[in-house]
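Chemist: My questions will all concern the structure given below.
The values are calculated or read from the model by the stated rules, or taken from the named source; none is laboratory data. Since we're looking at a predicted model, the values are computed, not measured. As a convention, Cβ positions derive from the backbone with ideal geometry for all residues, glycine included, and neighbour counts pool all protein chains shown. Each accessible area value is taken on the protein alone, full model and side chains, heavy atoms only, with ligands, DNA and RNA left out. Shrake-Rupley method; radii C 1.70, N 1.55, O 1.52, S 1.80 Å.
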Protein chains: 2
Amino acid sequence: MANIQQIAKRAGVSVATVSRVLNHATSVSPKTRSKVEEAIKELNYEPSMLGRNLRNSESRLLLVLLPTIANPFYTEIINGIQDTAIASDYNILLCETDSKPERENIYFNMVKNKLADGVISMDPTVNMQRLNELAEHYPVILCSEYEEKGDIPYITVDSELAAYQAVKHLIKSGNEKVALITSDEKFLYARLRRAGYERALKEFHLQIRDEWIYHTKGLEFQYGVHAMRMLLKEEEKPTAVFAISDTLAIGALKAINMEREGSDPIAIVGFDNISFSSMTNPTLTTISQPMYTMGCQATEMLLSRIKGEKVENIVLDHELIIRESTMV
Amino acid sequence: MANIQQIAKRAGVSVATVSRVLNHATSVSPKTRSKVEEAIKELNYEPSMLGRNLRNSESRLLLVLLPTIANPFYTEIINGIQDTAIASDYNILLCETDSKPERENIYFNMVKNKLADGVISMDPTVNMQRLNELAEHYPVILCSEYEEKGDIPYITVDSELAAYQAVKHLIKSGNEKVALITSDEKFLYARLRRAGYERALKEFHLQIRDEWIYHTKGLEFQYGVHAMRMLLKEEEKPTAVFAISDTLAIGALKAINMEREGSDPIAIVGFDNISFSSMTNPTLTTISQPMYTMGCQATEMLLSRIKGEKVENIVLDHELIIRESTMV
DNA sequence: AATCAAATTGTAATCGATTACATTTATTTC
DNA sequence: GAAATAAATGTAATCGATTACAATTTGATT
């Protein structure tokens with residue numbers, strides 16, 4: 001691959017002039033410009049990002065931190081991020097941390113090393129202390145999961161309210177025994193959704209029963225299956241379930257489909273409105289977050305930060321999507 | 001962020017010595033080593049990848065090209081790629097092309113610009129001509145989708161055989177009317193799977209009927225729904241369906257669940273064994289590819305190429321996973 | 001103590017771009 | 001046509017690392 005000197009030589013000009021042609025910046029006479037452009041074409045030249053970035057100390061690369069791409073919840077957000085980034089001539093780097101601190105570290109270093117200009121973290125398992133340290137010196141945005149009293153700008157939805165509405169919907173459709181399938185409460189979203197669940201129950205003077213609150217080890221389907229099996233073993237079975245993630249809810253549906261034999265139906269509400277949720281049998285009632293928008297706005301926030309501007313936190317609206325799983 | 005000169009100054013040595021400490025290379029006396037290490041710690045120094053890469057012209061970054069992360073088929077492969085890459089001190093960059101040539105271009109340029117050391121393409125929509133050009137000068141591996149007579153090393157499964165076995169399974173379980181839901185035949189995997197489908201039909205002297213072969217516009221669920229609806233409108237309805245992707249198969253299941261009212265059941269086989277395929281109702285019979293292994297081996301191939309070694313193409317074994325959707 | 005080899009450390013070129021400043025060339029003005 | 005100004009181009013420093021080669025220090029040997 002040719003470099004800028006070779007182009008300069010070929011075109012009979014200095015490297016500065018070539019650089020000027022490349023960056024459409026200061027004045028270059030049409031004659032020399034076309035000479036240079038010709039040389040570029042002939043030698044099939046592409047400017048080296050390394051040289052350029054080293055000099056400019058910018059990479060026009062954004063990191064997107066997520067625990068795993070296996071959760072379909074992230075896909076639409078990522079589309080939003082990608083579209084917005086590309087529109088501003090940035091590219092994104094999807095970084096799966098697998099919830100492993102070592103990997104996280106690698107990606108943090110990429111930012112410190114100027115290999116990336118900023119970070120959007122969607123990883124609830126991220127080491128917040130280290131992320132906060134990073135955010136002191138580099139642009140960072142939290143998307144979806146956030147810190148209530150932290151300094152890092154975030155964009156999210158009102159999880160507590162959404163959960164409250166979901167559970168209220170279950171209660172209003174005649175369920176007095178509503179169980180909760182949730183994950184580890186070290187995650188803020190889990191605490192908030194549980195709070196919403198409890199608020200709804202209290203409002204209708206229903207008792208909060210610990211044995212109807214099941215904590216899973218992760219968000220994957222199989223944990224949903226397992227959770228539901230445990231709930232079905234209870235002496236007094238719930239008649240409805242609110243799961244804090246569609247993947248868990250779909251696992252729960254599966255468990256119900258397997259074990260139910262003419263027994264009473266169980267209503268289910270999930271959270272996220274992943275594309276799969278309309279493919280299940282029955283289709284899943286769920287909370288829809290404006291995921292694409294969230295991705296777009298998170299990116300806009302990050303780009304603002306990179307420019308050095310201040311940004312405000314954003315809380316987006318959600319929506320309860322009623323489908324068959326609560327129409328039993 | 002401190003740079004190497006500041007460390008050198010602080011430690012009272014030259015930048016060369018600092019670099020030596022950093023790279024554990026040639027001899028450095030224990031005394032100076034510890035002085036330097038102390039300075040590094042004090043100033044919280046991290047070497048700049050940009051400077052390093054520019055000099056070494058390597059980035060230890062691998063690109064993974066895929067059309068979209070929305071298809072769960074890719075997730076396990078990516079895990080394999082990631083684990084193998086990290087074990088060799090490489091990182092991966094997930095690149096969604098969205099089947100858009102412009103994006104593809106951006107990523108190709110990253111390789112040319114030494115921002116990445118090699119590419120694993122899992123993108124069936126990739127511009128093969130440009131990829132071939134890239135592969136003339138840079139390490140490239142094809143994973144899953146490949147070119148039969150091309151020069152780029154690939155790893156894949158025998159799609160034709162897998163499809164043949166899938167359809168044979170349908171026929172042997174009593175179905176004489178087997179439809180095919182496939183995608184655009186510009187993709188090799190689609191052509192191969194269709195060939196397998198036809199081979200099985202021929203072997204059992206069943207007629208190949210064009211009206212039972214439905215071509216979708218994409219692999220997303222909704223295309224599966226639509227395809228199945230069309231097939232159900234046929235005067236003579238198929239009793240079984242082979243879909244070339246689990247996502248399509250699950251969409252088809254959905255369509256059947258919606259339209260069927262005491263009518264005859266329809267058997268379905270998918271392809272890929274995505275984690276969702278065991279969550280559907282009924283669970284989905286499908287072809288399982290060793291996705292994790294495929295990712296690992298693809299990465300090993302790429303790393304070999306980066307070292308300048310030659311590599312052989314690999315065809316991995318698949319497996320027919322029989323579940324409820326063909327036990328009706 | 002002088003000599004020499006080995007170990008350690010430093011100097012300076014290099015990777016490929018950008019850009020402030022200097023210089024040359026073209027254009028305008030009187 | 002000379003002077004003043006504007007436009008075009010070139011020179012060389014710079015970003016932050018690595019490394020060949022040179023220079024120095026250390027230590028062993030006689």
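Chemist: Where both residues lie in the protein assembly as shown, what percent of DSSP beta bridges are antiparallel, nearest 5? Please list the in-between numbers first.
Modeler: Values: 7 of 71 bridges.
Percentage antiparallel, nearest 5: 10.
Chemist: Within the stretch B:224-328, which GluC sites (Glu not before Pro) sit in a loop by DSSP and count at most 10 neighbouring Cβ atoms inside 10 Å? Mind dumping the intermediate values first?
Modeler: Details: sites: B:Glu234, B:Glu235, B:Glu236, B:Glu259, B:Glu261, B:Glu300, B:Glu309, B:Glu312, B:Glu319, B:Glu324; in loops: B:Glu234, B:Glu235, B:Glu236, B:Glu261, B:Glu309, B:Glu312.
Loop-located and lightly packed - B:Glu235, B:Glu236, B:Glu261, B:Glu309, B:Glu312.
Chemist: Of B:Ile7, B:Ile314, which has the most accessible area and how do the rest follow, probe 1.4 Å?
Modeler: Values: B:Ile7 0, B:Ile314 40 Å².
Descending accessible area places them as B:Ile314, B:Ile7.
Chemist: Moving on. Relative contact order for the stretch A:81-136: what is it in percent, counting Cα pairs under 8 Å that are at least 6 residues apart?
Modeler: Reported relative contact order: 25 percent.
Chemist: How large is the charge dipole for the protein assembly as shown, taken about the Cα centre, if only the Cβ atoms of Lys, Arg (+1) and Asp, Glu (-1) carry charge, to the nearest 20 debye?
Modeler: Values: 72 positive and 88 negative charges, 484 e Å.
Roughly 2320 debye, rounded to the nearest 20.
Chemist: Counting helices only, and only those DSSP H runs with n ≥ 4, report the 222 nm mean residue ellipticity of chain A as the sum of -39,500 (n - 2.57) divided by its residues, in deg cm²/dmol to the nearest 500. Mind dumping the intermediate values first?
Modeler: Numbers: 12 runs with 147 residues, N = 328.
Computed ellipticity for chain A at 222 nm equals -14000 deg cm²/dmol.
Chemist: Separate question: What is the local net charge at B:Arg60, summed over the other residues whose Cβ is closer than 10 Å to its Cβ (Lys, Arg +1; Asp, Glu -1)? Mind dumping the intermediate values first?
Modeler: Details: positive: B:Arg52; negative: B:Glu58, B:Asp89, B:Asp117.
Its environment carries a net charge of -2.
Chemist: Put a dot 7 Å past each Cα toward the Cβ at B:Ile208 and B:Glu259; how far apart are the dots in nm?
Modeler: 2.4 nm
Chemist: Show the residues, 5+ positions off or on another chain, whose built amide H is closer than 5 Å to the amide H of B:Ile321.
Modeler: So B:Ile321 has HN proximity to B:Thr286, B:Ile287, B:Ser288.
Chemist: Size of the stretch A:204-244 along its principal axes in angstrom, Cα-based, largest extent first?
Modeler: Principal-axis extents of the stretch A:204-244 (Cα, largest first): 32, 20, 15 Å.
Chemist: Based on the alpha carbons, how large is the Rg to Rh ratio for the stretch A:1-84 when Rh follows Kirkwood?
Modeler: Values: Rg = 18.7 Å, Rh = 15.5 Å.
A ratio of 1.21.
Chemist: Place the label 7 angstrom along Cα→C-beta at B:Lys172 and in each other copy, then list the distances from the first to the rest in nm, shortest first.
Modeler: Values, ascending and in nm: 5.4.
Chemist: Please find the FRET efficiency linking A:Gln5 to A:Lys217, where r is the Cβ-Cβ separation and R0 is fixed at 60 Å, and quote it to the nearest 0.05.
Modeler: Details: r = 58 Å, r/R0 = 0.96.
Efficiency, from the Cβ-Cβ distance: 0.55.
Chemist: How large is ³J(HN,Hα), in whole Hz, for each residue of the stretch B:219-225 in order, when computed from phi with the Karplus curve 6.51 cos²θ - 1.76 cosθ + 1.60 and θ = phi - 60°, using x for Gly and Pro?
Modeler: 9, 5, 3, 4, 5, x, 4
Chemist: To the nearest µm²/s, what D does Stokes-Einstein give for the protein assembly as shown at 4 °C and 1.567 mPa s, using the Kirkwood radius over alpha carbon pairs as Rh?
Modeler: Values: Rh = 27.3 Å.
Translational diffusion coefficient: 47 µm²/s.
Chemist: Given a 10 angstrom Cα cut-off, can you work out which residue in A:Glu104, A:Glu58, A:Glu148 is the most mobile in a GNM of chain A?
Modeler: Taking springs between Cα atoms under 10 Å, the residue moving most is A:Glu148.
Chemist: Determine the relative contact order of the stretch B:231-295: mean sequence separation of Cα pairs under 8 Å and six or more apart, normalised by residue count, in whole percent. Present the calculation step by step, with values, prior to reporting the outcome.
Modeler: Working: 75 pairs, mean separation 20.5, N = 65.
Answer for the stretch B:231-295 is 31 percent.
Chemist: Taking a probe of 1.4 Å, how large is the accessible area per residue of the protein assembly as shown, in Å²? Numbers along the way, then the final one.
Modeler: On the way: 29050 Å² over 656 residues.
That works out to 44 Å² per residue.
Chemist: How far apart, in nm, are the 7 Å Cα→Cβ label points at B:Ser57 and A:Asp184?
Modeler: About 4.5 nm, to one decimal.
Chemist: Note every residue of the stretch B:113-139 with a reduction of at least 40 square angstrom in accessible area, all protein chains present versus the isolated chain, computed with a 1.4 Å probe, or write none.
Modeler: Buried-area filter returns B:Asn113, B:Leu115.
Chemist: Quick one: among A:Arg55, A:Arg305, A:Arg103, which has the greatest mean-square fluctuation in a GNM of chain A with alpha-carbon springs under 10 angstrom?
Modeler: A:Arg55
Chemist: Pairs of Cα atoms under 8 Å, at least six residues apart: use those to get the relative contact order of chain A, whole percent. Spell out each step's value before the answer.
Modeler: Values: 599 pairs, mean separation 54.8, N = 328.
Relative CO of chain A lands at 17 percent.
Chemist: Nearest 0.05, what FRET efficiency do B:Ala87 and B:Ser275 give at R0 = 22 Å with Cβ-Cβ as r?
Modeler: Numbers: r = 24 Å, r/R0 = 1.09.
With a Förster radius of 22 Å, E is 0.40.
Chemist: Something else now. Could you identify which residue out of B:Phe204, B:Phe187, B:Phe108 has the top mean-square fluctuation in a GNM of chain B using Cα springs shorter than 10 Å?
Modeler: Maximum fluctuation in the GNM of chain B, among the listed residues, is at B:Phe204.
Chemist: Just to confirm the numbers: B:Asn3, label point 7 angstrom along the Cα-Cβ line, distances to the other copies in nm, shortest first?
Modeler: 1.7
Chemist: Let me ask something else about it. For the stretch A:4-47, what mean projected area does the convex hull of the alpha carbons give, in nm²?
Modeler: On the way: hull surface 10.1 nm².
Answer in nm², one decimal: 2.5.
Chemist: Here is a follow-up. Largest first and in whole Å, give the semi-axes of chain A's equivalent ellipsoid, each being the square root of 5 times a Cα gyration tensor eigenvalue.
Modeler: Details: eigenvalues 526, 71, 53 Å².
Largest first, chain A gives 51, 19, 16 Å.
Chemist: Can you compute the FRET efficiency between A:Glu147 and A:Glu46 using 1/(1 + (r/R0)^6), with r the Cβ-Cβ distance and R0 = 35 Å? Round to the nearest 0.05. It would help to have the intermediate numbers written out before the result.
Modeler: Values: r = 41 Å, r/R0 = 1.18.
Plugging the Cβ-Cβ distance into 1/(1 + (r/R0)^6) gives 0.25.
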